[in-house]
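Worksheet for the structure shown next.
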């Protein structure tokens, strides 16, 4: 038995090591000079620590402008879409009306529509109504999320109707019930959806690339790719930029993490 | 008391005339208002952001469509005919198949093995491991793709350095697609770990106890009891992975740009390439439609398989659980 426990933990530790190795390697490499990165004699730790890479990305790319744009968009879209998902989930979980099942099935089935089918017409539509190069073009398609509505409904299904009825009898308005009873009880799902949404906006590449043309409005994901194109050999800068691009998502993950796993799992369990 | 029972039964949708009347009176205007606005907004966004674009894409796939010179000429099924004669499309299809099968298999097997190891109670630091394994999943894909491009670098990349190899992973036709698959599994398996763990915790403890009392071996318990009970989760992961991997393209864009040759062309990358690099919107729409049909067929097929395989055991499981609750 003892041998098995040891073997199991050793195995997990090995896989865990493989999983985190790229992160450590990236962060440490960001502090190496370009000549050290390209030298034949490689070492895990930097021989000489330098901040040069972090300085250079700002001078070459206006990195922090792009970074700020991405934060702004991610926070805005996450807040808006989590709220609309809450309302949508509430209506689908707690109200009965004709066509509810059919409409929910339609919402579910939209999750398998690939971006590739809709992005071409969307691109032409947004261009023809003159919405290009504006944050509205990024925000509008993301505000209503089929996945979010699905997830919130799943989570609210387990809230007993009796609580709502009791509140109604006590004279609580629907708005009060939603904000003070149902929303606080959905905090696990809110945490999970917030992490997902933040990540999706943060990593979204193609849509901002198509919509945003001016450099000062561009987002970080697109900035990273153009950065590589223009400074193909600046590996140190690329290490530093990638490291920094990961930080905000990490912060959001740590903030919401405690409730996240329960929320993520509940959506799938009942799915 | 009377009011409560009547509203409660109304919620269950019973059709006694008295309850209906009560319900109509009880339903406040604010509920109707909230409901109507919400459903209206959702339906409007479905129509404007999905249905109309799908319609336009469908019509567009029968046209020679180029937004740069404003061309939109009807060409019948020419795009589809050209597509089936295009060797790149067939290469992209087989690549997508290989990529999908390997990535799903890797994600499911690794996820299940690790979740089971964490579940087995032999392991300490469960939360620590769970956080570690989940970390890549919450990282932005564009950044992760860059990180792995650097990992695969033949000169200074960690993989060659670590294993003492001399392989140009992303620029060698033999390894390029595999390299992208490995990166994708690394990024995604943590989600499967979390979901399988949740599924494992949902198994009633007395089922596992009964198995051990009966003297079933660990392997038999896993194969005959745990795995069947994990089936809904397994199918959920397979279906969502399938839909996700059919659309995967950022990895390819960042890491290889479809090359070398056509070795890492995926269907979704081809759509991007045709639409936004070559501006063949009609041709790209045709590919997109084929992809949509493939996705729908595969999802429906998995769904059917899941339902038919699941029908009886699942019901048994739920009756078991409800009995447990009442006792």
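We did not get these values from a lab; they are worked out from the coordinates using the rules stated. A quick note: this is a predicted structure, and the numbers were derived from the prediction, not measured. In this analysis, Cβ positions are derived from the backbone assuming ideal geometry, glycine residues included, and neighbour counts consider all displayed protein chains.
Remarks
- Here the label points at residue A:172 and residue B:125, each 7 Å from Cα along the C-beta direction, are separated by 4.4 nm in the simple model.
- The translational diffusion coefficient of segment A:67-136, from Stokes-Einstein at 10 °C and 1.306 mPa s with a Kirkwood hydrodynamic radius over alpha carbon pairs, comes to 106 µm²/s.
- Packing-based ranking, highest mean first, of A:101-113, A:145-157 given that Cβ atoms within 10 Å are counted: A:145-157, A:101-113
- Enclosing the Cα atoms of chain A in their convex hull gives a volume equal to 198 cubic angstrom per residue.
- Spin-label model, residue B:155/residue B:98: points 7 Å from Cα along the beta carbon direction are separated by 2.8 nm.
- When the helices of the protein assembly as shown are scored as -39500 (n - 2.57) per DSSP H run of n ≥ 4 and the total is divided over every residue, the value at 222 nm lands at -23000 deg cm²/dmol.
- Theoretical gain in end-to-end length, residue A:62 to residue A:76 [0.36 nm per residue, Cα-Cα removed]: 2.9 nm
- Helix axis angle, A:220-230 relative to chain A longest principal axis, alpha carbon, degrees: 30 degrees
- Helix A:115-128 and the long axis of chain A differ in direction by around 90°, with both axes built from C-alpha atoms.
- Counts of other chain beta carbons within 10 angstrom of each beta carbon in peptide B:42-53 average 6.
- Approximate spin-label separation residue B:172-residue A:10, in nm, with each point projected 7 Å along Cα-to-Cβ: 3.0 nm
- Chain A, relative contact order [Cα under 8 Å, separation at least 6], %: 30 percent
- Segment A:1-97, relative contact order in percent, only Cα pairs under 8 angstrom and at least six apart counted: 17 percent
- Contact order relative to length of segment A:88-234, as percent, for alpha carbon pairs under 8 angstrom and 6 or more apart: 32 percent
- Within the protein assembly as shown, the proportion of Cα pairs with more than 37 Å between them is 40 percent.
- Helix A:63-94 and the longest principal axis of the Cα set of chain A meet at an angle near 20°.
- The order of B:183, B:242, B:43, going from fewest to most other C-beta atoms within 10 Å of their C-beta, is B:43, B:242, B:183.
- Computed log10 I(q)/I(0) for segment A:191-236 at 0.23 Å⁻¹: -0.83, from the Debye equation with unit scatterers placed on every C-alpha and solvent omitted.
- Ranked for footprinting exposure by Cβ neighbours inside 10 Å, fewest first, A:94, A:60, A:217, B:278 give B:278, A:60, A:217, A:94.
- The ellipsoid that matches the Cα gyration tensor of segment A:1-133 has semi-axes, each √(5λ) in whole angstrom, of 44, 31, 15, with the longest given first.
- The length gained on full extension between residue A:134 and residue A:111, counted as 0.36 nm times the residue separation minus their Cα-Cα distance, comes to 5.7 nm.
- Binned Cα-Cα distances of segment B:208-280, short to long, each 5 Å bin given as a whole percent: 3, 14, 15, 12, 9, 8, 7, 8, 8, 7, 6, 3, 1, 0
- Residue by residue along A:18-26, Cβ atoms of other protein chains within 10 Å of the local Cβ number 6 on average.
- For segment A:107-226, the convex hull drawn through the C-alpha positions has a volume of 139 cubic angstrom per residue.
- For segment B:121-272, the Stokes-Einstein estimate of translational diffusion at 25 °C and a viscosity of 0.890 mPa s comes to 136 µm²/s, using the Kirkwood hydrodynamic radius over alpha-carbon pairs.
- log10 of Debye I(q)/I(0), alpha-carbon scatterers only, for segment A:189-271 at 0.15, 0.25 Å⁻¹: -0.68, -1.14
- Calculated FRET value between residue A:226 and residue B:301, using beta carbons and R₀ = 41 Å, to 0.05: 0.50
- Here the calculated FRET efficiency for residue A:216 and residue B:162, from their Cβ-Cβ distance with R0 = 30 Å, stands at 0.15, rounded to the nearest 0.05.
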